[in-house]
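Structure first, then comments.
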Amino acid sequence: MGKNGKIFLVDDEKLIVMGLSMALRKEGYEVESETERFIDVADRIRSSAPAVVLLDISLPEMSGIDILKNIRSGKIDTEVVMLTADDATETAIKCMKLGAAGYLTKPFNVDEVLMAVKNIIEKEELRHEANRLRNKLNDLGGKTGNSAFASISESIDRFEESFARISQHTVALSHELRTPINNLMGEAEVALSKHRTPDEYRQVLASSLEEYVKLSGAVDDLLFLIRVENPKAGIQPSRFDALEQIQAVEEFYQPVAEKKGIEMKCGGSGSLIADQSLFRKAVSSLLSDALSHTPDGGKIDISVHRPDDQSVEVTVCMSAPEFDPGHRSSPLDRFNLANDPDCLRGTFLGLSIARSIMRLHYGDITLKHDPEKGLVVSLLFPLRQTSGSDLGEDPPSITIM
């Protein structure tokens, strides 16, 4: 085996396979490939036991997505990176739902492929090392009866979970950035294709500015998600009127709602103890999702109430498409809310942000579909905030109903 591991290439474009094979071998990887027969390629991958599979989606005998399904259903222990000329975010989301570790769009730079392979292999090495340390700590704890070893093992578990979520957010951002970047490139190419009037150039610059705002927002969201995933991230709780804060956020988004003809209203009452800025960020993220996915002329309702003496619930109802509650695996992960008949349509980055904020508050977040109200997202804040000394317990699980 090559010093850096084995890579298996599956693509019917022989020139691409040849070029990638040369580049990978130069970096010390052993390479196997298949360019013609794809029906039983999953069996070959099982026998080959590669560290990473580079799998094209558009193949003549069967699609790469079907091959990915066969790899996962056959419990073949390998990471898969999908290759495709399809730039649709929905396709990327579907692949990530099925367990792909990455997604590269043709034409790609060879260095981009090498970096993706290197990152995946390094991540797997870290995971194996974490498992080795965890097992050693558990053995030591069992022999000595020292609970400190179990505590360290739990810390490794939390680190591994946070690392996985940050990796997902990074993949999410790459596709969140791709559309505005492509729009900017397209507008620039059209503008430079012939001489234009000053007014036309101003229109191009104004349109580009909108795309730059989207890029800035996407980067800010990722940085926020990474920051709150830090196990040392803390909150500054204070008591405040929840409805007052919701109304302030709702007022900010009201012009966007009016432009789309969406009726947006809020009501209820209740004060809570939470980090006020993070509370507004959670509500803002959900409203941003709601406005993106509610059809023109739809409705968005935000309410706050006390379901019991222990908590305050904030509910956002939006006229979004129905989803299948059978998809319970990390339901609020960025790529599990997919544009697919089996789940939610579109991407809901705001849900990931709200989920991270609720983890910091040790609250609950639930997601369900109501026949009359549409998609209902509920944030349940405990009235008593957990202190820093109590952070050894895991936060409540996310619920999809």
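Residue-wise test of (1) in the same structural domain as Leu15 (by TED's automatic domain parsing); (2) buried (at least 18 other Cβ atoms within 10 Å of the Cβ); (3) out of contact with any helix residue (DSSP H, G or I) (no Cβ under 7 Å at 6 or more places or on another chain); (4) at pLDDT below 85.
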| position | (1), (2), (3), (4) |
| --- | --- |
| Met62 | yes, no, yes, no |
| Lys69 | yes, no, yes, no |
| Ser73 | yes, no, yes, no |
| Thr84 | yes, yes, no, yes |
| Met96 | yes, yes, no, yes |
| Phe108 | yes, no, yes, yes |
| Glu125 | no, no, yes, yes |
| Asn131 | no, no, yes, yes |
*What is the residue count in the stretch 4-33 for residues that are surrounded by fewer than 21 Cβ atoms within 10 Å (Cβ to Cβ) and either of a type outside the set (Val, Ile, Thr) or in contact with a Cys (Cβ under 7 Å, 6 or more places away or on another chain) (or both)?*
19
*Filter the stretch 58-112 down to residues that are of a type in the set (Asp, Glu) and in a loop (DSSP other than H, G, I, E, B), then give me how many there are.*
4
*Test: residue in the stretch 232-249 that is modelled with pLDDT of 85 or more, within 20 Å of Met358 (Cβ to Cβ), under 25 Å from the mean Cα position of the chain (by Cα) and in the same structural domain as Glu372 (by TED's automatic domain parsing)*: yes
_Any residue in the stretch 272-292 that is in the same structural domain as Gln310 (by TED's automatic domain parsing) sitting within a Cβ distance under 6 Å of a residue that is basic (Lys, Arg)? List the pairs, counting only those 6 or more apart or interchain._
Ile273/Arg239
*Please indicate, with yes or no, whether at least one residue in the stretch 83-102 is at positive phi and free of Cβ contacts under 8 Å to residues at least 12 places away in the same chain.*
no
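Return the residue satisfying two criteria in turn: it lies in the stretch 246-264 and is assigned to a helix (DSSP H, G or I) and in contact with a strand residue (DSSP E or B) (Cβ under 8 Å, 6 or more places away or on another chain), and of such residues it is nearest to His305 (Cα to Cα).
Ile246
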_Lone qualifier among Ala101, Ala92 - being touching a Phe, Trp or Tyr at 6+ places or on another chain (Cβ under 9 Å) and buried (at least 19 other Cβ atoms within 10 Å of the Cβ)_ = Ala92
*For Gly298, are the conditions met, namely being surrounded by fewer than 16 Cβ atoms within 10 Å (Cβ to Cβ) and farther than 22 Å from Phe224 by Cβ?*
no
*Tally time: how many residues in the stretch 302-323 are surrounded by 18 or more Cβ atoms within 10 Å (Cβ to Cβ) and farther than 17 Å from Leu380 by Cβ?*
4
_Restricting to the stretch 34-60, give me the number of residues that are in contact (Cβ under 8 Å) with a residue 40 or more places away in the chain and either closer than 21 Å to Leu24 by Cβ or buried (at least 16 other Cβ atoms within 10 Å of the Cβ) (or both)._
10
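The values are calculated or read from the model by the stated rules, or taken from the named source; none is laboratory data. The shown structure was predicted, so the numbers you read here are calculated from the model rather than taken from an experiment. Neighbour counts run over all protein chains shown; Cβ positions are idealised from the backbone, glycine included.
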